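Worksheet: the structure to be examined is printed underneath.
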Amino acid sequence: MGYRVAVVGATGNVGREILAILEEVNFPVEKMHAIASRKSKGVEVSFGDSTIKCEDIEQFDFSSVDLVLMSAGGGVSREWSEKIGKAGPIVIDNSSAFRQDPDVPLIVPEVNPDDAKLATKKNIVANPNCSTAQLVVALKPLHDAAKIKRVVVSTYQSVSGAGKEGMDELWNQTKAIYGLGDATPKKFPKQIAFNVIPYIGSFRDDGYTDEEAKMWDETHKMLDPSIKLTVTCVRVPVFVGHSEAVTVEFDRPIEPDEAREILREAPGILVVDKQEHDGYITPVDAAGEHAVYVSRIRKDPTVEHGLSFWVVSDNLRKGAALNAVQIAQLLDETGVISPKSGYRTLTV
Ligand SMILES: NC(=O)c1ccc[n+]([C@@H]2O[C@H](COP(=O)([O-])OP(=O)(O)OC[C@H]3O[C@@H](n4cnc5c(N)ncnc54)[C@H](OP(=O)(O)O)[C@@H]3O)[C@@H](O)[C@H]2O)c1
């Protein structure tokens, strides 16, 4: 027995990864549907050894499936996720549309697995922003050991975080600049090839961007609302893999060696931390991998109990598709969904 699953956004960066990871982790699938917009109807995507043809979201009967993994952007989620949840399946939503909804749990399984029990309130579970997911995986075990008071984060986010169009823009601009062609920015507000852009999302009145605000809002919802965070999000000309320079202030002394031990024991983390060139991780090393990598753990001497470190992960995997599949596994393991359950009744 397996689940009847629909992947919405199946032609996209995240959707394709979801299909690959469901197969890699042997998630029990009885029937898989690939869903995208009308223009992709009939387009073939890979699922394991087979290819499946995309179906049009407008024509698909969502009551015929148990689980929907949604990664087609906030607008599509706002239009569809609640309707789909009411029709029966559980929706695991990759967009920001429901992350702050009090009736929708926002889950990183290494951090707040117990929130899975809230999944049937709206039959929607939210998947966090890519930069938040890898951050909270690293912060959680440290916070359990020594309470975190304040975090300062600068991100170095790859272009795949902006979807297929973001990757195409870096590729085309790079070629155009070498070949004296047209390198006019279209997807990003400024040239991304051979450049960095200190702006992701949209500006807020307080001078931060909404991408930056997502990181503290989501950390507060999943980990602890008392942690103070300040964030600068930066887009860099890297195809896959987000990096973060993180500085944390604790309420008690914590030595780099103690932090290394804690992080080594923690789920989902690989510590690669030696003072040599194989002793730290870059996004190229992390692309295609499942782990959140932590490197360059050192004391921050400017505060009483501070540590600085470097966190890297594949944004399409732990930042999106892998976390979504891990949520599906968590719902399965905790009995929130079961292959035979089919339809569920909303609890509110
Ligand atoms: N990339 C990341 O690192 C990351 C991380 C966390 C969360 N997310 C979120 O995941 C979602 C998808 O991101 P992505 O990077 O995969 O984007 P993408 O590569 O641009 O893919 C977008 C997907 O959505 C589909 N789509 C667009 N409009 C649609 C409509 N009206 N109806 C049905 N399907 C529609 C597209 O289908 P067509 O090909 O038919 O247009 C495509 O399959 C976004 O919400 C994003 O914020 C992304």
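Odds and ends about this structure:
- Scoring Ala72 on the criteria (1) surrounded by fewer than 23 Cβ atoms within 10 Å (Cβ to Cβ); (2) under 25 Å from Gly166 (Cα atoms) leaves a single failure, condition (1).
- Count of segment 232-256 residues which are among the aliphatic types (A, V, I, L, M), crowded, with 18+ Cβ neighbours inside 10 Å and under 25 Å from Arg204 (Cβ atoms): 3
- As for segment 83-99, it holds no residue that is within 9 Å of the ligand (Cβ to nearest atom), among the small types (Gly, Ala, Ser) and either at positive phi or in the same structural domain as Ile297 (by the TED database) (or both).
- Screening Phe47 against (1) under 19 Å from Thr11 (Cα atoms); (2) more than 10 Å from the ligand (Cβ to nearest atom); (3) surrounded by 24 or more Cβ atoms within 10 Å (Cβ to Cβ) leaves a single unmet condition, (3).
- Failed criterion for Lys53 (all others in (1) basic (Lys, Arg); (2) assigned to a helix (DSSP H, G or I); (3) within 15 Å of the ligand (Cβ to nearest atom) hold): (2)
- Within the span defined as segment 37-44, one or more residues are more than 8 Å from the ligand (Cβ to nearest atom), assigned to a strand (DSSP E or B) and surrounded by fewer than 18 Cβ atoms within 10 Å (Cβ to Cβ).
- Filter result (more than 30 Å from Ile269 (Cα to Cα), of a type outside the set (D, E, K, R), assigned to a helix (DSSP H, G or I) and within 16 Å of the ligand (Cβ to nearest atom)) within segment 138-192: Trp171, Asn172
- Out of Val240, Val292, Val284, Val236, sole residue that is farther than 13 Å from Leu135 by Cα, under 17 Å from the mean Cα position of the chain (by Cα) and touching a residue at least 40 places away in the same chain (Cβ under 8 Å): Val240
- Within segment 312-331, considering residues that are among the β-branched types (Val, Ile, Thr) and assigned to a helix (DSSP H, G or I), the one surrounded by the most Cβ atoms within 10 Å (Cβ to Cβ): Ile327
- Flag: Glu165 matches the condition of being in contact (Cβ under 8 Å) with a residue 12 or more places away in the chain and exposed (fewer than 15 other Cβ atoms within 10 Å of the Cβ).
- Ala116 away from the ligand (no atom under 14 Å from the Cβ), farther than 22 Å from Val312 by Cβ and in a helix (DSSP H, G or I): yes
- Which numbered condition Leu270 misses (of (1) under 16 Å from Ser308 (Cβ atoms); (2) not in a helix (DSSP H, G or I)): (1)
- Among the residues of segment 75-103, those that are buried (at least 22 other Cβ atoms within 10 Å of the Cβ) and free of Cβ contacts under 8 Å to residues at least 40 places away in the same chain comprise Ser77, Ile84, Val91, Asp93, Ala97, Phe98.
The values are calculated or read from the model by the stated rules, or taken from the named source; none is laboratory data. Keep in mind that this is a model prediction, so the values were computed, not measured. Counting neighbours? That spans all protein chains shown, and the Cβs are built from the backbone with ideal geometry, glycine included.
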